[in-house]
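Participant: My questions all concern the structure below.
Throughout, read-outs are computed from the coordinates displayed, never taken from laboratory work. Everything quoted here is computed from the prediction, not taken from an experiment. No Cβ is skipped: glycine too gets one built from the backbone with ideal geometry, and neighbour counts run over all protein chains shown.
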Amino acid sequence: MPDKQRERWYFEALRRALPEIPAGTPEEPEPPDFVVGDGSQRLGLELTVFHLPPAVGERPHQEQRSLKDHIVSAAEAIHADWGGPALYVSIYFDPHRVLTKKNIQPLSREIASSILRAPSPRSVREPVELEWGQRPQGISGVQIHPSVDGHDKLWHADSGGWVADITSTHIARIVAAKSRVASLARGRCDRLWLVVVHDLFSRAAPAELTTDAAEATYHGPFDRLIWLTPHSPEQHSS
């Protein structure tokens, strides 16, 4: 994972969810991403964020998605420059509007301004949603959640409005891909866990873990496989 600051935030979320993780400052040998403990109790944690594989033949969609991401990223930066607080923000674009590069600056400023004027959300489970007239033209929805700690923040654009199923095949492919680093990682720890992070506020396509995927048995070189949703108390492991 290239974003070490966010990776460390995931580690702390995992530690809160699983008190059996040894205390102390973790090492970051890469691989694995983190090693905690000492003596014969060194636990290695390899983290990877889940991203739903793209469908075949969706180049136009991907181009529009790239423009959405640029607009939202610019809006987040403007909001911060104007003194806005840390937030989790979801931006939903009008599906009938075709975006161009000319939209990036004016639309990002309008989005940032509308969010600055919005009331403060009270909790992660009670987001603020901007009504028609409160949001810029061409934006069909804005949902604002508070930061869980006052510092962590993440803004993202919609990915199409439907929620895909995360199947056992998706998870098995991740286990197979991460197995390539397991041999080197095991030389630095006694136990090795693979942690698949499903960040609900990331820019990944919206998706949901199926019951079959959560209950399936996966074969690989890891002692434990964990599905981590860092903004939710519910976790899965095998």
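Participant: Place a point 7 Å from the Cα of Tyr218 along the Cα-to-Cβ direction; which residues of region 1-28 have their backbone N under 17 Å from it?
Facilitator: Zone members listed by number: 1, 11, 14.
Participant: Any idea how far apart Ala80 and Gln41 come out in nm if each label point goes 7 Å out from Cα toward Cβ?
Facilitator: Taking the two extended label points, one gets 3.8 nm.
Participant: Compute the long axis of helix 59-81 from its Cα atoms, compare it with the longest principal axis of the Cα atoms of the chain, and write down the angle in degrees, 0 to 90, nearest 10.
Facilitator: 80 degrees
Participant: Right, another one. Please work out how much length the chain gains when fully extended from His151 to Asp165, using 0.36 nm per residue of separation minus the C-alpha to C-alpha distance, in nm with one decimal. Numbers along the way, then the final one.
Facilitator: On the way: separation 14, 0.36 × 14 = 5.04 nm, distance 3.10 nm.
1.9 nm is the gain from fully extending His151 to Asp165.
Participant: Please report the Cα spread of region 1-117 along all three principal axes, rounded to whole Å, starting with the longest.
Facilitator: 58, 41, 22
Participant: State the answer as a single residue: which of Ile78, Pro127, Pro95 lies farthest towards the positive end of the charge dipole of region 59-157, with beta carbon charges of +1 for Lys and Arg and -1 for Asp and Glu, about the Cα centre.
Facilitator: Of the listed residues, the answer is Pro95.
Participant: Starting with the highest mean, order 101-112, 120-131 by the number of other Cβ atoms within 10 Å, averaged over the residues of each peptide.
Facilitator: On the way: 101-112: 17.6, 120-131: 13.0.
Ranking the peptides 101-112, 120-131 by packing returns 101-112, 120-131.
Participant: For the chain, take the longest principal axis of its alpha carbons; what is the angle in degrees between that and the long axis of helix 168-178, to the nearest 10 within 0 to 90?
Facilitator: 70 degrees
Participant: Set the Förster radius R0 to 25 Å, insert the Cβ-Cβ distance between Arg97 and Glu129 as r into 1/(1 + (r/R0)^6), and round the FRET efficiency to 0.05. Could the numbers behind the result be given before it?
Facilitator: Working: r = 19 Å, r/R0 = 0.78.
Calculated value: 0.80.
Participant: Around Arg135, with a cut-off of 14 angstrom between Cβ atoms, what is the net charge of the other residues, counting Lys and Arg +1 and Asp and Glu -1?
Facilitator: -2
Participant: Ranking request for peptides 24-33, 11-20: highest mean number of other beta-carbon atoms within 10 Å first, then the rest in descending order.
Facilitator: Working: 24-33: 16.8, 11-20: 14.9.
In descending order of packing, they fall as 24-33, 11-20.
Participant: While we're looking at this one, here's another question. Measure nothing fancy, just the Cα-based angle from helix 104-117's long axis to the longest principal axis of the chain, in degrees from 0 to 90, nearest 10.
Facilitator: 90 degrees
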